[in-house]
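A short worksheet on the structure shown next.
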Amino acid sequence: MAGRAMTAAALAQARASRLQPVHLMEVYFDAPTGTLYLSDFPRPIVYGGNTYLGAGYLLGVSAVQETTEAVIHTLSATFSGVDQTWIANVLTEKFMDRRLVLRRGFVRGDAFFLDSSNRASVTNNADFDLRNAFTVELVVKPENDTTQGFIDKTISGATNNQFWIGIESTYKVRVKQTTLKETSGGTPAYGTWQRIAGTYDGANLRFFVDNAQIGSPLAVTAPIDGGNGALLLGGLGGTPTYNASGYCRDFRVFNRALSATELHDYRVTDGLMGWWPAAEGGGLTLYDHSGRANHATMASGVVRWE
C-alpha cells in the first residue's frame, strides 16, 4: 500500500518545460455503449491502440481507499466540460460494479509562437481584478529582448497594467499603484525554454525563474490599482507593437501568491483563475482548463505551433 505518491522522477517530469501532465480514464459500460475513453488533455490522445477523447478538465478523484478489510471500494471522478452524450450514457447505462481505469502520465506539450501579428485576450471579468494578491506564470522561449508582454491585465480598456509579466531588456513583473512599480527577473535565456513567474502577496512583489527567486522582493502595499481592461496573453497594452516574440505555453493566473515549490506544479489548483496550456495545435481559441471557462481568443489566424 506504500509508494502510491508520485516519485521524485515523476515530479521532475511534471515540472519539465515541454511536458504536460495528463489523465486517461477508461469507463466500462455494458453494450451497446461499451468502453468510453476520456482524457483531460485539450485534444484526443492515442494510447495502447485506443483514442482518449478530450472531456474537459479533471477536477479531482475522491473516495479512493486501500485497506486489508473486506469492503466495497468506490471511486468518484469529477470532470468539467463533459460532452452531453457521455452524461446521457451515465444516466441510462448501468455503471455500478463496472470497471474504471485511471492512468496518469505526461505528454510533450505544444506551444504557440507569438509575434507582432498575434496575441490572445480574455474578456474582462472579476476573476482577474486581483488587487490584493496574485500569481502569474508561464513557460516561455523568447527570441529577443525587445519590450513585450506575456500576461497583461490591462486597466481602462487596454492601457496601463494592473499587473504584467514580460520583457523590457530583462524579465520584469509590474503592478500599478498610482505609479508603475516593478522588479526585475534577470536576463532571459533566448531560444531556451524557461519557467517564469511573478507573485504578489499584498506586501511584496517577486520574480521567479525555474522556481528560484531572482533578486530581492519589491515592497508594494495592497491594494494595487484595478480596472475593467481585458487580460492579454502574449501582449502588452493596446498596441501589437509589444506582443510577445517567441513560443509560450501554460499561462496560469492565481488569486494568491504561490510559494516557490508550488510554482509550475500542475497539481496545484487552489486559487486558480485561469489556465491556458496552449496545446490546441491550431484554431483561434486557447481553452481555459481551470474549470472557470475563461477562454482566450486569438487576434488573427496566423499562428505557428511547435
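The values are calculated or read from the model by the stated rules, or taken from the named source; none is laboratory data. In this text the structure is predicted, and so the values were computed from the model without any measurement. Here the Cβ is made from the backbone with ideal geometry for all residues, glycine too, and neighbour counts use every protein chain on show. Surface accessibility is based on the protein's heavy atoms, side chains included, excluding ligands, DNA and RNA. Shrake-Rupley method; radii C 1.70, N 1.55, O 1.52, S 1.80 Å.
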- [ ] May I ask you to list the residues in the range 236-272 that are over 20 Å from Val209 (Cβ atoms) and over 17 Å from the mean Cα position of the chain (by Cα)?
- [x] Gly237, Gly238, Thr239, Pro240, Thr241, Tyr242, Asn243
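Do we have Arg206 as among the basic types (Lys, Arg) and within 19 Å of Thr154 (Cα to Cα) here?
Numbers: among the basic types (Lys, Arg): yes; within 19 Å of Thr154 (Cα to Cα): no.
When the stated conditions are applied, Arg206 does not pass them.
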Open item on the list: Being out of contact with any Asp or Glu (no Cβ under 9 Å at 6 or more places or on another chain) and part of a strand (DSSP E or B) is the filter here; which residues of the range 193-206 pass it?
Closed with: Tyr200, Asn204, Arg206
Open item on the list: Please go through (1) assigned to a loop (DSSP other than H, G, I, E, B); (2) under 20 Å from Asp129 (Cβ atoms); (3) in contact with a strand residue (DSSP E or B) (Cβ under 6 Å, 6 or more places away or on another chain) for Thr221 and return the number of the only condition it doesn't satisfy.
Closed with: (3)
Task: Residue that is modelled with the lowest pLDDT, among those in the range 111-122 that are part of a loop (DSSP other than H, G, I, E, B) and buried (at least 21 other Cβ atoms within 10 Å of the Cβ) - done: Ala111
- [ ] Looking at (1) open to solvent by 30 Å² or more (accessible area, probe 1.4 Å); (2) in a strand (DSSP E or B), find the lone condition where Val253 falls short.
- [x] (1)
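Are there strands (runs of 3 or more DSSP E) fully within the range 1-110 with at least 3 residues that are modelled with pLDDT of 70 or more and over 20 Å from Thr269 (Cα atoms)? List them. Spell out how you get there, then give the answer.
Values: elements: 19-28, 35-39, 45-47, 50-54, 57-62, 76-80, 100-108.
Per the criteria, 19-28, 35-39, 45-47, 50-54.
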TODO: Working carefully through the options Gly198, Gly238, find the one that is modelled with pLDDT under 95 and either in contact with a Pro (Cβ under 7 Å, 6 or more places away or on another chain) or not polar (S, T, N, Q) (or both).
DONE: Gly238
